[in-house]
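Okay, structure first, notes after.
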Amino acid sequence: MMKKSFKKLGLLALAAGMTVTLAACGSDKKDADANAKKSITVSVDKGYKDYINDVKGQFEKDNGIKVVVKTHDALSTLDNLKLDGPAGKAPDVMMAPFDRTGVLGKQGQLATVSLSNSRYNKKDQALVTLKDKHYGQPAVIETLVMYYNKDLVSQAPQTFADLEKLSKDPKFAYENDKTKNVAFLTQWTNFYNAYGVIKGYGGYIFGQNNTNPKNLGLNNKGGVEGITYMANWFKNVWPKGMQSTTSNENFITDQFTKGKTAVVIDGPWMAATYKKAKVNYGVAKIPTLPNGKEYQAFGGGKAWVVSNYSKNKSMSKKFAAYLANDKNQQKFYQATQEIPANENARTKVVQNKDDQLTRAVIAQFKAADPMPNLPEMAEVWTGAENLMVNAAAGKSSPQQVADKAVKQIKESIQQKYKD
């Protein structure tokens with residue numbers, strides 16, 4: 001009896017101990033969750049740290065929460081989200097290129113957010129939207145623009161006919177081959193640069209405004225016309241080296257910074273290089289194409305996004321929206337010189353600062369085609385990588401080259417994407 005009683009008491013004590021232990025574990029988890037809800041973590045590139053620290057104070061005061069700022073490479077942060085999120089190591093808020101938002105959103109790694117119609121136009125919203133779901137607050141817009149050397153041309157060319165005329169001027173003859181001309185250069189071997197011509201002639205990537213990956217239009221009549229036009233520059237005007245995908249970018253920069261080339265088409269990120277080289281340059285919208293249509297370059301940029309693994313999603317979404325409000329978007333521009341995606345802030349920026357690059361990006365963005373954020377876009381980059389190189393080589397017709405690229409893209413999509 002005594003042994004049984006002691007045994008029973010021992011079991012009761014063990015049970016009581018387990019209850020206490022389990023209660024303590026539950027309490028620790030609740031405490032951890034409670035602490036998580038008292039703060040959110042924002043991860044940004046080093047260049048954005050001061051901006052976040054400058055604007056976070058008001059948000060912390062208004063919401064009774066701590067915003068912890070960490071610096072880390074943005075793309076690495078996104079790449080690591082799949083593993084860091086479930087492990088509780090991922091930040092709550094971060095920045096993502098527009099073309100990554102749809103992919104990460106579809107994979108369930110980004111939380112959906114609500115967008116304000118008073119801040120963004122339809123094009124801005126399309127950049128972070130996939131199947132009617134929004135996966136980020138648009139922060140920055142980017143697109144190609146035209147740079148021109150003011151010492152070589154008196155005013156910004158308005159049409160590609162103007163560029164063609166410049167390219168017949170012997171003063172821009174290529175020094176190593178006088179039969180070739182470098183008055184105007186751009187890296188059309190890069191599909192990112194070439195797409196503006198293809199789209200301007202009527203080609204497209206995906207059907208239904210880049211939402212239907214089963215319908216590809218790079219090889220339609222307009223697309224082939226655009227490819228043909230670009231191929232003629234390679235064949236009839238530019239030095240052979242322009243067909244290289246590895247060295248032509250440096251060649252273009254070298255020619256422009258040394259005053260050999262009058263006009264280039266490139267991104268806003270090149271302005272610092274030209275400024276450092278002391279080129280007396282102007283920036284303007286890209287000239288209209290020979291068919292009279294706009295050069296419809298890709299419209300891209302970055303968004304503030306929220307991890308779907310966040311333990312405080314509601315506050316994280318609120319902070320992302322706060323970063324994208326009119327006032328903070330203007331501050332972001334002042335801190336980084338990157339063009340706001342918030343349309344109200346863009347208007348204020350133009351009114352308050354006479355900056356050619358800013359005005360050119362905003363003007364060109366109106367004609368831009370939002371970069372598709374479908375996961376299938378990855379296959380387009382691969383399939384179209386050598387599109388213009390093959391067209392420029394002249395071994396196949398532009399139609400054959402376009403058909404081959406589209407065939408490769410279609411097959412890759414069919415193999416990798418079942419739905």
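The values are calculated or read from the model by the stated rules, or taken from the named source; none is laboratory data. Here the structure is a predicted model, which is why all the values come from computation and not from measurement. Every residue, glycine among them, receives a Cβ derived from its backbone with ideal geometry; neighbour counts consider all protein chains shown. These accessible areas exclude ligands, DNA and RNA; they are computed on the full protein's heavy atoms, side chains included. Shrake-Rupley method; radii C 1.70, N 1.55, O 1.52, S 1.80 Å.
Pick from 70, 66, 46: which is at pLDDT below 95, charged (D, E, K, R) and surrounded by fewer than 20 Cβ atoms within 10 Å (Cβ to Cβ)?
On the way: 70 fails: at pLDDT below 95; 66 fails: at pLDDT below 95.
Within the list 70, 66, 46, the selection yields 46.
So for the range 231-250 (the condition being at positive phi and touching a residue at least 40 places away in the same chain (Cβ under 8 Å)), does at least one residue qualify? Looking for residues that are at positive phi and touching a residue at least 40 places away in the same chain (Cβ under 8 Å), one finds none in the range 231-250, hence no. Counting only residues that are outside any loop (DSSP other than H, G, I, E, B) and either in contact (Cβ under 8 Å) with a residue 40 or more places away in the chain or open to solvent by 30 Å² or more (accessible area, probe 1.4 Å) (or both), the range 75-104 holds 20 of them. Residue 148 meets the conditions (1) in contact with a helix residue (DSSP H, G or I) (Cβ under 8 Å, 6 or more places away or on another chain); (2) part of a strand (DSSP E or B) in every case but one. The failed one is (1).
Yes/no matrix, rows are residues, columns are (1) assigned to a loop (DSSP other than H, G, I, E, B); (2) of a type in the set (Lys, Arg); (3) surrounded by fewer than 21 Cβ atoms within 10 Å (Cβ to Cβ); (4) in contact (Cβ under 8 Å) with a residue 40 or more places away in the chain:
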{"site": "305", "(1), (2), (3), (4)": "no, no, no, yes"}
{"site": "309", "(1), (2), (3), (4)": "yes, no, no, yes"}
{"site": "330", "(1), (2), (3), (4)": "no, no, yes, no"}
{"site": "344", "(1), (2), (3), (4)": "no, no, yes, yes"}
{"site": "347", "(1), (2), (3), (4)": "no, no, yes, no"}
{"site": "354", "(1), (2), (3), (4)": "yes, no, yes, no"}
{"site": "363", "(1), (2), (3), (4)": "no, no, yes, yes"}
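Determine whether the range 401-410 contains at least one residue that is surrounded by fewer than 22 Cβ atoms within 10 Å (Cβ to Cβ), in contact (Cβ under 8 Å) with a residue 24 or more places away in the chain and farther than 17 Å from residue 213 by Cβ. Even if it seems obvious, please write down each step before you answer.
Residues of the range 401-410 that are surrounded by fewer than 22 Cβ atoms within 10 Å (Cβ to Cβ), as a first pass: 403-404, 406-408, 410.
Right, trim to in contact (Cβ under 8 Å) with a residue 24 or more places away in the chain and you get 403, 406, 408, 410.
After this cut, where a residue has to be farther than 17 Å from residue 213 by Cβ as well, the list is 403.
Yes - at least one qualifying residue is present in the range 401-410.
The residues of the range 252-288 that are touching an Asp or Glu at 6+ places or on another chain (Cβ under 7 Å) and closer than 12 Å to residue 145 by Cβ, listed by number, are 267, 268, 287.
With a requirement of 2 or more residues that are open to solvent by less than 10 Å² (accessible area, probe 1.4 Å), the helices (runs of 4 or more DSSP H) lying completely within the range 192-272 that satisfy it span 221-236, 248-257. Considering the range 56-73, and only residues there that are touching a Ser or Thr at 6+ places or on another chain (Cβ under 7 Å) and not in a strand (DSSP E or B), the residue that is nearest to residue 312 (Cα to Cα) turns out to be 65.
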